[in-house]
Amino acid sequence: MAPPSIESVSAVVSRVANVPAIGADDDIFEAGLSSVDALRLLLELESAFNVAIPDDQFVDARTPRDLTSMIGRLSEAGA
């Protein structure tokens, strides 16, 4: 499976956070993601990109760019 694009990860973040758009380097929590939304985002990202995301790595990835890199690394490790 090809690694996700920043645009595809940003689209998931934007939908879950209910914000019209989020930049690649915008902090997802500063953009309005609540802790409840963060749990939903974790589950949506795992489902959309077929990866298991460890909680500690998820909380450290605060931008769509960070999330994309993390998902890419996890995908490669699981391949």
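The values are calculated or read from the model by the stated rules, or taken from the named source; none is laboratory data. These figures come from a predicted structure and were not determined experimentally. Positions of Cβ are generated from backbone atoms using ideal geometry, with glycine treated the same way; all protein chains shown enter the neighbour counts. Protein only, heavy atoms only, side chains kept; ligands, DNA and RNA dropped before computing areas. Shrake-Rupley method; radii C 1.70, N 1.55, O 1.52, S 1.80 Å.
Brief remarks follow.
- Residue that is within 11 Å of the chain's Cα centre (by Cα) and either among the aromatic types (Phe, Trp, Tyr) or open to solvent by 50 Å² or more (accessible area, probe 1.4 Å) (or both), where the choices are VAL36, VAL59, VAL13: VAL59
- The set of residues from the range 27-42 being assigned to a loop (DSSP other than H, G, I, E, B) and touching a helix residue (DSSP H, G or I) at 6+ places or on another chain (Cβ under 7 Å) comprises ILE28, ALA31, GLY32, LEU33.
- ALA24 being aliphatic (A, V, I, L, M) and more than 11 Å from the chain's Cα centre (by Cα): no
- Candidate set from the range 16-33 (those that are surrounded by fewer than 16 Cβ atoms within 10 Å (Cβ to Cβ) and of a type in the set (D, E, K, R)); member that is farthest from ALA61 (Cα to Cα): GLU30
- Every residue from the range 43-56 that is part of a helix (DSSP H, G or I) and surrounded by fewer than 18 Cβ atoms within 10 Å (Cβ to Cβ): LEU43, GLU44, GLU46, SER47, ALA48, ASP55, ASP56
- All told, ILE71 falls short of being part of a loop (DSSP other than H, G, I, E, B) and within 10 Å of the chain's Cα centre (by Cα).
- Condition met for SER69 (of a type outside the set (A, V, I, L, M, F, W, C), free of Cβ contacts under 8 Å to residues at least 24 places away in the same chain and closer than 15 Å to ILE6 by Cβ): yes
- Listed by first and then second residue, the pairs linking a residue in the range 41-62 that is free of Cβ contacts under 8 Å to residues at least 12 places away in the same chain to a residue that is loosely packed, with under 15 Cβ neighbours inside 10 Å, with Cβ atoms under 9 Å apart and 6 or more places separating them unless they lie on different chains, are GLU46/ALA52.
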